[in-house]
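The values are calculated or read from the model by the stated rules, or taken from the named source; none is laboratory data. Treat the numbers as computed from the prediction; the structure is a model and nothing was measured. A quick note on method: Cβ atoms are made from the backbone with ideal geometry, for glycine too, and the neighbour counts reach across all protein chains shown.
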Amino acid sequence: MASMRDIKRRKGSIQSTQQITKAMKLVSTVKLQRAKQRAEQSKAYFNCMYETVTSMLAKTSGLNHPYLKAGESKKKAVIVITSNRGLAGGYNSNVVKLITKGDFNKEDLEIYAIGKKGRDTLHRHGYHIVEDNPDIIEEPSYVDAMVISDKLLKSFAAGEIGEIYLAYTRFKNTVVHEPTLLKLLPVEPADSAEDGMETGSKAMMNFEPEDDEALDMIIPKYVTSLIYGGLVEAVASENGARMQAMDSATSNAEEMIDHLSLMYNRARQGSITQELTEIIAGANAIS
């Protein structure tokens with residue numbers, strides 16, 4: 001059995017750690033409330049944007065637009081959104097697994113990393129990091145999403161990449177966060193039968209002005225909106241995951257402290273019993 005001094009030292013160490021986890025849980029809770037509100041306010045718009053564009057293309061036939069077909073290049077660009085800090089449970093590793101455990105060929109991937117954790121892990125696995133933007137995830141804005149979208153669309157139009165994906169964590173509620181891999185380009189029309197959505201009229205879509213001109217305006221906004229939506233939901237998911245992780249860590253620390261307190265009391269009781277036994281034995285020897 002460990003000595004009373006060792007038990008007391010370990011208990012003190014765990015109590016200090018518990019204070020840190022409590023503080024981190026409180027900070028994450030406050031950040032989550034703000035991020036959750038922002039995600040919920042913007043979610044309806046981005047869902048509507050996605051459904052509108054995909055259902056619109058589902059009603060269109062015969063279009064031969066670059067954004068609607070895969071490029072000749074085998075390269076695939078993946079925007080990977082993770083956090084800059086750890087202690088968030090499986091939040092970062094779940095996003096990375098979308099890449100490492102997916103059907104992608106490592107040599108064909110070009111990673112556009114947003115967040116240090118995903119960047120570092122994928123770099124260790126030998127993936128090619130084309131661009132690194134760790135500051136964006138701290139306070140994402142629509143302008144940041146637009147800059148990333150413009151770069152990727154230019155590369156796609158130039159034939160440097162053939163497909164564009166977004167890997168992020170979808171925010172469903174405070175305790176449920178879903179790692180998601182979303183294909184941005186080429187845009188794939190929605191299948192209402194598979195999605196369970198009613199797209200309304202089956203009439204064909206007419207464009208005004210010409211279809212190429214209209215898609216040149218619509219698709220960039222569509223891609224930018226999905227990237228920004230992914231950033232906003234990722235921030236909410238990160239803080240939700242960290243709050244849960246710190247809550248679990250605080251509870252585990254409490255259990256360990258209770259166990260060590262019991263051990264300390266037993267060791268103290270054993271020490272007192274031993275001292276009494278020695279005193280009685282000494283008194284009997286004198287008499």
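Identify, from the list 106, 97, the residue that is without any contact (Cβ under 8 Å) to a residue 40 or more places away in the chain, of a type in the set (Lys, Arg) and either surrounded by fewer than 22 Cβ atoms within 10 Å (Cβ to Cβ) or closer than 26 Å to residue 146 by Cα (or both).
Working: 97 fails: without any contact (Cβ under 8 Å) to a residue 40 or more places away in the chain.
Answer to the selection: 106.
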**Study point:** Options 29, 82; residue that is touching a Lys or Arg at 6+ places or on another chain (Cβ under 9 Å) and either modelled with pLDDT of 85 or more or under 19 Å from residue 165 (Cα atoms) (or both)
**Key:** 82
Point to revise | So residue 115, is it buried (at least 17 other Cβ atoms within 10 Å of the Cβ) and on the phi > 0 side of the Ramachandran plot | key: yes
Practice item. Kindly indicate which of 147, 187 is over 27 Å from residue 244 (Cβ atoms) and modelled with pLDDT of 90 or more. Key: 147
Study note, to complete from the structure: Condition set assigned to a helix (DSSP H, G or I) and touching a residue at least 12 places away in the same chain (Cβ under 8 Å), scope segment 150-168, selection surrounded by the most Cβ atoms within 10 Å (Cβ to Cβ): answer is 152
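Considering only residues that are β-branched (Val, Ile, Thr) and modelled with pLDDT under 95, which ones fall in segment 101-120? So that I can check it myself, show each step before the final result.
Of segment 101-120, the ones β-branched (Val, Ile, Thr) are 111, 114.
Of everything in segment 101-120, nothing turns out to be β-branched (Val, Ile, Thr) and modelled with pLDDT under 95.
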Check your understanding: Restricting attention to segment 58-79, does a residue exist that is modelled with pLDDT of 95 or more and of a type in the set (Val, Ile, Thr)?
Key -> yes
Check your understanding: Name the pairs: first residue in segment 126-149 and under 22 Å from residue 104 (Cα atoms), second residue at pLDDT below 95 and in a loop (DSSP other than H, G, I, E, B), Cβ to Cβ under 8 Å, at least 6 apart or on different chains?
Key -> 148/133
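Which of the residues spanning segment 133-149 are assigned to a loop (DSSP other than H, G, I, E, B) and either within 14 Å of the chain's Cα centre (by Cα) or buried (at least 20 other Cβ atoms within 10 Å of the Cβ) (or both)? Please lay out each step first, then the result.
Of all residues in segment 133-149, those assigned to a loop (DSSP other than H, G, I, E, B) come to 133-135, 139-141.
Passing the criteria: 134, 140.
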**Study point:** Residue ID - surrounded by the most Cβ atoms within 10 Å (Cβ to Cβ), chosen from residues in segment 38-70 that are closer than 23 Å to residue 168 by Cβ and small (Gly, Ala, Ser)
**Key:** 39
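Could you tell me whether any residue of segment 19-36 is of a type outside the set (A, V, I, L, M), over 27 Å from residue 178 (Cα atoms) and surrounded by fewer than 18 Cβ atoms within 10 Å (Cβ to Cβ)?
Within segment 19-36, the subset of a type outside the set (A, V, I, L, M) is 19, 21-22, 25, 28-29, 31, 33-34, 36.
Now restrict to residues that are over 27 Å from residue 178 (Cα atoms): 19.
Those left that are additionally surrounded by fewer than 18 Cβ atoms within 10 Å (Cβ to Cβ): 19.
Yes, that holds for at least one residue.
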**Study point:** Criterion (farther than 30 Å from residue 189 by Cα and in a loop (DSSP other than H, G, I, E, B)) met by exactly one of 86, 12, 71
**Key:** 86
Point to revise | Some residue of segment 99-108 being of a type in the set (S, T, N, Q) and within 19 Å of residue 169 (Cα to Cα) | key: yes
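For segment 169-185, name all the residues that are in a strand (DSSP E or B) and under 23 Å from residue 34 (Cβ atoms). Step through it out loud before you land on a result.
Looking only at segment 169-185, we keep the residues that are in a strand (DSSP E or B), and these are 169-171, 177-185.
Correct list: 169, 170, 171, 177, 178, 179, 180.
Could you say which residue among 55, 28 is closer than 23 Å to residue 219 by Cα, of a type in the set (Ser, Thr, Tyr) and in contact (Cβ under 8 Å) with a residue 40 or more places away in the chain? Walk me through how you get there before you give the answer.
Numbers: 28 fails: closer than 23 Å to residue 219 by Cα.
Answer to the check: 55.
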